[in-house]
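Participant: Okay, here's the structure, questions in a sec.
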Amino acid sequence: MKATVSRKAHFNAAHRLYRKDWSFEKNDAVFGKCNNPNFHGHNYELIVSITGEIDKETGYVIDIKILKDIIKTEVEDIFDHKNLNVEVPEFKDLNPTAENIAVVIYNKIKPKLASYLELEITLFETPRNFVTYSGK
Ligand code: NI
């Protein structure tokens with residue numbers, strides 16, 4: 001029997017969407033307000049979902065306390081109240097779109113899990129806009 005266990009988390013962060021190799025005009029045309037050179041912030045909501053067999057002894061897919069600690073160490077401590085472009089090395093040359101943030105979070109959490117567990121990241125950038133990534 002497989003089940004999916006999810007935990008919600010939250011972080012505030014600033015970003016700017018642009019490419020260094022494009023003109024300001026082109027960045028403005030593609031990214032609009034998100035290209036503001038002075039950055040802007042979002043209240044990101046994160047859902048980390050783990051799918052796997054329910055352990056016969058414990059009844060768990062994963063101990064949620066372990067998942068909570070991984071999210072704190074790998075995501076909250078690193079992203080919360082940060083400027084993603086400036087302070088998070090993964091975005092030095094990677095546009096911090098919701099898509100790319102979800103991929104970075106996936107790549108940070110996946111190695112911390114037992115290899116037989118499946119991981120899916122859902123990241124809300126606004127209450128209506130969200131991205132899902134599961135390593136495909
Ligand atoms: Ni934005």
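All of the numbers you see were taken from the coordinates with simple rules; none came from a lab. No experiment lies behind these values; they were computed from the predicted model shown. Cβ placement follows ideal geometry from the backbone for every residue including glycine, while neighbour counts extend to all protein chains displayed.
Participant: Out of I50, I70, I78, I62, report the one residue that is of a type in the set (V, I, T), closer than 15 Å to A114 by Cα and in a helix (DSSP H, G or I). Working first, answer last.
Facilitator: On the way: I50 fails: in a helix (DSSP H, G or I); I78 fails: closer than 15 Å to A114 by Cα; I62 fails: in a helix (DSSP H, G or I).
Selected residue: I70, the only one of I50, I70, I78, I62 that is of a type in the set (V, I, T), closer than 15 Å to A114 by Cα and in a helix (DSSP H, G or I).
Participant: Just give me the residues in region 1-23 being among the small types (G, A, S) and touching a Phe, Trp or Tyr at 6+ places or on another chain (Cβ under 6 Å), in sequence order.
Facilitator: First pass over region 1-23, keeping only residues among the small types (G, A, S): 3, 6, 9, 13-14, 23.
Selection gives A13, A14.
Participant: Any residue in region 52-63 that is touching a residue at least 24 places away in the same chain (Cβ under 8 Å) sitting within a Cβ distance under 8 Å of a residue that is surrounded by 11 or more Cβ atoms within 10 Å (Cβ to Cβ) and not aliphatic (A, V, I, L, M)? List the pairs, counting only those 6 or more apart or interchain.
Facilitator: From region 52-63, the pairs are G52/E118; I54/Y60; V61/T4; V61/T51; V61/G52; V61/E53; V61/D55; I62/G52.
Participant: Report every pair of residues separated by at least 6 positions or lying on different chains whose Cβ atoms are under 7 Å apart, first residue within region 30-47 and assigned to a loop (DSSP other than H, G, I, E, B), second near the ligand (Cβ under 10 Å from one of its atoms).
Facilitator: N36/R16; P37/R16; F39/A14; F39/H15; F39/R16
Participant: So, in region 1-58, exactly how many residues are away from the ligand (no atom under 16 Å from the Cβ), surrounded by 11 or more Cβ atoms within 10 Å (Cβ to Cβ) and among the acidic types (D, E)?
Facilitator: Of the residues in region 1-58, 2 are away from the ligand (no atom under 16 Å from the Cβ), surrounded by 11 or more Cβ atoms within 10 Å (Cβ to Cβ) and among the acidic types (D, E).
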